[in-house]
1. If I filter segment 1-15 down to residues being assigned to a loop (DSSP other than H, G, I, E, B) and at pLDDT below 95, which single residue comes out as surrounded by the fewest Cβ atoms within 10 Å (Cβ to Cβ)?
2. Of the residues that make up segment 25-34, is at least one crowded, with 19+ Cβ neighbours inside 10 Å and in contact with a helix residue (DSSP H, G or I) (Cβ under 6 Å, 6 or more places away or on another chain)?
3. Can you give me the ranges of the strands (runs of 3 or more DSSP E) entirely in segment 48-139 with at least 3 residues that are loosely packed, with under 15 Cβ neighbours inside 10 Å?
4. Output the residues belonging to segment 39-57 that are under 27 Å from residue 90 (Cβ atoms) and either in contact with a helix residue (DSSP H, G or I) (Cβ under 6 Å, 6 or more places away or on another chain) or modelled with pLDDT of 95 or more (or both).
C-alpha cells in the first residue's frame with residue numbers, strides 16, 4: 001500500500017490521497033500558493049499534473065526549500081522516505097512528530113528504517129524509527 005504525507009514547518013501532518021500536488025491544489029493557501037501561481041508553473045513547463053513532471057518536481061522542491069517535509073513509501077515492505085531541506089532542529093522535531101503519528105496509525109514499527117534525503121546538501125541518511133524517536137539523526 002502506497003502512503004504519502006506532507007508535514008508542514010509547524011508540524012501539521014497532511015495525508016496525500018493520490019498525488020502530492022493535487023493535495024496542494026485542494027487548499028493552496030495552506031501551502032503558501034494560489035491556484036493562479038500553480039497554473040503559471042504548470043503552463044511554464046507545459047506539463048500535465050503528473051507525478052514525475054517538471055512542474056510537480058518544482059512545486060515539491062519549493063515546498064521542501066521552505067521547510068516542508070515530503071514523505072512517502074511505495075509499499076508496506078519498503079522503507080519510508082522523507083525529503084527535507086536541512087536536518088535542523090525544527091525539521092528533526094517534525095520528523096519525530098510524524099513518526100509518532102505513523103506508529104499510532106500502525107503504518108510504521110520501531111525496527112523499520114527511514115531514509116532521509118537532505119536537498120540542501122544532497123545527502124542521504126538512513127535511520128531506524130527508534131533512532132529517530134531517540135533523536136539520533138547523525139553518525
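1. Taking the candidates together, the pick is 1.
2. Yes, segment 25-34 contains at least one residue that is crowded, with 19+ Cβ neighbours inside 10 Å and in contact with a helix residue (DSSP H, G or I) (Cβ under 6 Å, 6 or more places away or on another chain).
3. Because the criterion is at least 3 residues that are loosely packed, with under 15 Cβ neighbours inside 10 Å, the strands (runs of 3 or more DSSP E) in segment 48-139 that meet it are 123-128.
4. 41, 56
The values are calculated or read from the model by the stated rules, or taken from the named source; none is laboratory data. Keep in mind that what you see is a predicted model, and the values were worked out from it rather than measured. Heads up, the Cβs are rebuilt from the backbone with ideal geometry, glycines too, and the neighbour counts pull from every protein chain shown.
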